[in-house]
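Reading through the structure tokens given below for one structure.
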Amino acid sequence: MASRSRLAPVLRRVAIPSWRRPATATCPAMCVTRGMSSTAPRQLRESSARSAKYTSDSYPEIKRDSRFAQITKEHVDYFKTLLGKESAVVDGVTAGVAEDDMEPYNGDWMHKYRGHCKLVLKPASTEQVSKILKYCNENVLAVVPQGGNTGLVGGSVPVFDEIVVSTSRMNQIRFFDDVSGVLVADAGVILEVADQFLAEKGYIFPLDLGAKGSCHIGGNVSTNAGGLRLLRYGSLHGSVLGVEAVLPDGTILDDLSRLRKNNTGYDLKQLFIGGEGTIGMITAVSIHCPQRSNAVNVAFLGLESYEKLQQAFREAKSQLGEILSAFELMDSESQEILHKVKDNKRPLEQRHPFYCLIETSGSNADHDNEKLEKFLEDVMTKEIVADGVVAQDEAQLKALWSQREGITESVGHWGGVYKYDVSIPLQDMYKLVEDVRKRVEDAGLKGETDEYPIIEVIGYGHMGDSNLHLNVAVRRYDKKVEEALEPYVYEWIKDKNGSISAEHGLGIAKKKYIGYSRNETTVGLMKQIKNLYDPKGIMNPYKYI
């Protein structure tokens, strides 16, 4: 066993006096504040549209579907009468609307996608959504459901003049059972708000994202978001018990089951989890929420190779077992970018090729501390881990998590970022980052000066579920960069039997690449489902189906 004297000096470097007492949350509220409470999407969106090209210009092969009607004053008048409140309609068709009022719905936070939408509707109830979609279907008006608009693939951004139907006013908690942990909430409830509500009851939302301060839970379900808690609580396909959704013809699917077991025929809710609003619009969700842990520990470790990182993950699963709640990987390049932008203090004095953040959460602080202590001693004795720190209080816990959650915002600091959120078998996962970095360097696209579009290629993500975030930070979006990356990245992933989308869906970014992860039979069945529920094609057109 490694002596305490060997480990303690390592941890004292960053003003943490002892590694033997990790941060322990003594009440549920303490866990709520973990991470970033304000997120990149909302912070960046004001400037995004000004610098983003129209999607129709970036993708000239996509043409406006001639089946869809042009929006008229008669249409606008109907919606204004239906919704009543003036603030429920952002009308750029018949009234002069300030560009800043419309552009948040037309653009994405990455500065990559921008639509021509001139009408935004904000229904306050499922019944209003039903009447909106029924009217749009009858008049063949294209629709884009939109929540917090924090996605990465343009799935919630209009391409042409589609009507945006926002869930922002549908933001009520409908029901919570403090015995079973079942929550029923409107689609427009912000993820962080839901989690804070649950914290007061001693529970936790089984999903956590860097965008939690902006994203809506309906959008999370529509894209089958994975996030930081999937290792512990699994995917939304297992947590969501039921959905309420409106089909294109206005039919309301009321399937808000509160039961964990309901084996009565087809499980229709699964069509909407990850469906990206292509066959209907989710208006409410029923979800099973676990009890919140009252003991939370976070460790930030430096490692010398990806092989060591895999060893650490294997040991964490073996030794920490039931209390392991997150295992996040970061390469040195991602940390360099983070500190260039944030200029904050590094947790570790020495630089390392790789870092990981480990979180444990349980019900017994003494038990958890002892397990983590033994794990750290073991991995350092075996020289799997080179250096590390453990949070001693809530402030340090948040600071360590910011080393991971702050990457998403920082990487787009210079002008833009190409993001690939993919699943790859663990043994090959980081090799994609290395191969892409070499490819763009060989192509003369990466450099220190403004003549080079690419600043850096980085890799980070969820080690616990083989989910890599390959990010290419750029000074500007450039077709030469896209040509170097696509379809190369997707071909590489297919060769390793991976998935081109681990989270966030396909949207417009990956629509033509679905064949790299799905065969013709599967895609054909998807199209049959789309044609069955949305024969006029009004729901979220121009995307992957």
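The values are calculated or read from the model by the stated rules, or taken from the named source; none is laboratory data. Because the structure is a prediction, the values reported are computed rather than measured. Cβ placement follows ideal geometry from the backbone for every residue including glycine, while neighbour counts extend to all protein chains displayed. Areas reflect the complete protein model, heavy atoms only, side chains present, ligands, DNA and RNA absent. Shrake-Rupley method; radii C 1.70, N 1.55, O 1.52, S 1.80 Å.
Please enumerate the residues belonging to segment 449-473 that are of a type in the set (S, T, N, Q) and either more than 17 Å from Ile500 (Cα to Cα) or open to solvent by less than 10 Å² (accessible area, probe 1.4 Å) (or both).
Thr449, Asn467, Asn471 - these are the residues of segment 449-473 that are of a type in the set (S, T, N, Q) and either more than 17 Å from Ile500 (Cα to Cα) or open to solvent by less than 10 Å² (accessible area, probe 1.4 Å) (or both).
When you scan segment 123-144, do you find a residue that is farther than 21 Å from Lys212 by Cβ, touching a Ser or Thr at 6+ places or on another chain (Cβ under 9 Å), hydrophobic (A, V, I, L, M, F, W, C) and part of a loop (DSSP other than H, G, I, E, B), even just one?
no
For segment 427-451: of the residues being more than 29 Å from the chain's Cα centre (by Cα) and touching a residue at least 12 places away in the same chain (Cβ under 8 Å), which is nearest to Ala484 (Cα to Cα)?
The selected residue is Ala443.
As an exercise: evaluate Tyr542 against (1) buried (at least 19 other Cβ atoms within 10 Å of the Cβ); (2) part of a helix (DSSP H, G or I); (3) among the hydroxyl-bearing types (Ser, Thr, Tyr) and give the number of the one condition it does not meet.
Of (1) buried (at least 19 other Cβ atoms within 10 Å of the Cβ); (2) part of a helix (DSSP H, G or I); (3) among the hydroxyl-bearing types (Ser, Thr, Tyr), only one is false for Tyr542: (2).
Would you confirm whether any residue within segment 491-501 is in contact with a His (Cβ under 9 Å, 6 or more places away or on another chain), open to solvent by less than 60 Å² (accessible area, probe 1.4 Å) and at pLDDT below 95?
Looking through segment 491-501, none of the residues is in contact with a His (Cβ under 9 Å, 6 or more places away or on another chain), open to solvent by less than 60 Å² (accessible area, probe 1.4 Å) and at pLDDT below 95.
Please verify whether segment 471-491 includes one or more residues that are touching a residue at least 60 places away in the same chain (Cβ under 8 Å), aromatic (Phe, Trp, Tyr) and in contact with a helix residue (DSSP H, G or I) (Cβ under 6 Å, 6 or more places away or on another chain).
Scanning segment 471-491, I find no residue that is touching a residue at least 60 places away in the same chain (Cβ under 8 Å), aromatic (Phe, Trp, Tyr) and in contact with a helix residue (DSSP H, G or I) (Cβ under 6 Å, 6 or more places away or on another chain), so the answer is no.
Please identify the pairs in which a residue from segment 303-323 that is part of a helix (DSSP H, G or I) has its Cβ atom under 6 Å from the Cβ atom of a residue that is of a type in the set (S, T, N, Q), counting only partners at least 6 apart or on another chain.
Here the result reads Leu320/Thr360; Ile323/Thr360, each pair linking segment 303-323 to a residue that is of a type in the set (S, T, N, Q).
Taking Leu506 as meeting all but one of (1) over 20 Å from the mean Cα position of the chain (by Cα); (2) farther than 18 Å from Thr408 by Cα, write down the number of the exception.
(1)
Would you point out the residue of segment 505-516, among those that are over 21 Å from Arg439 (Cβ atoms) and surrounded by fewer than 21 Cβ atoms within 10 Å (Cβ to Cβ), that is modelled with the lowest pLDDT? Steps first, please.
Step one: filter segment 505-516 for residues over 21 Å from Arg439 (Cβ atoms), giving 505-508, 511, 514-515.
After this cut, where a residue has to be surrounded by fewer than 21 Cβ atoms within 10 Å (Cβ to Cβ) as well, the list is 511, 514-515.
On the way: Lys511: 86, Ile514: 90, Gly515: 90.
It comes out as Lys511.
Test Tyr78 against the stated conditions and say whether it is surrounded by fewer than 19 Cβ atoms within 10 Å (Cβ to Cβ), touching a residue at least 40 places away in the same chain (Cβ under 8 Å) and of a type in the set (Phe, Trp, Tyr). Write out each step before concluding.
Numbers: surrounded by fewer than 19 Cβ atoms within 10 Å (Cβ to Cβ): yes; touching a residue at least 40 places away in the same chain (Cβ under 8 Å): yes; of a type in the set (Phe, Trp, Tyr): yes.
Taking the combined requirement at face value, the residue satisfies it.
Filter segment 98-112 for residues that are over 22 Å from the mean Cα position of the chain (by Cα) and assigned to a helix (DSSP H, G or I); which is modelled with the lowest pLDDT?
The extreme case among them is Glu99.
Whether any residue in segment 216-236 is touching a Lys or Arg at 6+ places or on another chain (Cβ under 7 Å), touching a residue at least 24 places away in the same chain (Cβ under 8 Å), closer than 28 Å to Ser363 by Cβ and of a type outside the set (Phe, Trp, Tyr) is what I want to check.
No, because not a single residue in segment 216-236 is touching a Lys or Arg at 6+ places or on another chain (Cβ under 7 Å), touching a residue at least 24 places away in the same chain (Cβ under 8 Å), closer than 28 Å to Ser363 by Cβ and of a type outside the set (Phe, Trp, Tyr).
Hey, among the residues in segment 351-366 that are surrounded by fewer than 13 Cβ atoms within 10 Å (Cβ to Cβ) and modelled with pLDDT under 95, which one's nearest to Lys308 (Cα to Cα)?
The residue in question is Asp366.
Take Gly406 and decide whether it is touching a residue at least 24 places away in the same chain (Cβ under 8 Å) and crowded, with 22+ Cβ neighbours inside 10 Å.
Criteria met by Gly406.
Could you look through segment 113-129, keep only residues that are open to solvent by 10 Å² or more (accessible area, probe 1.4 Å) and either within 24 Å of the chain's Cα centre (by Cα) or of a type in the set (Phe, Trp, Tyr) (or both), and pick out the one that is modelled with the highest pLDDT?
Here the answer is Lys122.
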